[in-house]
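Encoded as structure tokens, the structure appears first; notes follow it.
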Amino acid sequence: MRLGEIVETLIQLHNEYRLTFEEDEAVCAACNILDRLPRMMDEETAKAILQKKEKQSA
């Protein structure tokens with residue numbers, strides 16, 4: 001699934017379901033973060049960076 005599709009799915013959740021305030025805030029924050037990634041870099045580069053950071057924190 002591409003990042004844009006994930007953002008679209010989260011927006012759909014935001015619009016169609018009754019979310020608690022905390023859930024709504026989390027969905028909005030995730031959308032804002034994910035929405036910036038494709039403009040910053042391609043999908044493979046973003047995945048590589050995230051995997052590297054994941055390994056460093058483990």
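The values are calculated or read from the model by the stated rules, or taken from the named source; none is laboratory data. Because the structure is a prediction, the values reported are computed rather than measured. Don't worry about glycine lacking a Cβ; one is built from the backbone with ideal geometry, like all the others, and counts go over all protein chains shown. Side chains are part of the model used for accessible areas, which takes the heavy atoms of the whole protein and leaves out ligands, DNA and RNA. Shrake-Rupley method; radii C 1.70, N 1.55, O 1.52, S 1.80 Å.
Here, the chain yields an orientationally averaged convex hull projection of 4.7 nm² when only Cα atoms define the hull.
Ignoring any ligand, DNA or RNA, what whole percent of the accessible area of the chain comes from carbon and sulfur when the probe is 1.4 angstrom? Percent of accessible area from carbon and sulfur atoms in the chain: 54. Round to the nearest 0.05 the FRET efficiency obtained for THR20 and LYS55 when R0 = 25 Å and r is the Cβ-Cβ distance. Computed FRET efficiency for THR20 and LYS55: 0.15.
Relative to the Cα centre, the charge distribution of the chain, modelled as +1 at Lys and Arg Cβ and -1 at Asp and Glu Cβ, gives a dipole magnitude of about 360 debye. Per residue, the accessible area of the chain comes to 87 Å² when a 1.4 Å probe rolls over the protein heavy atoms.
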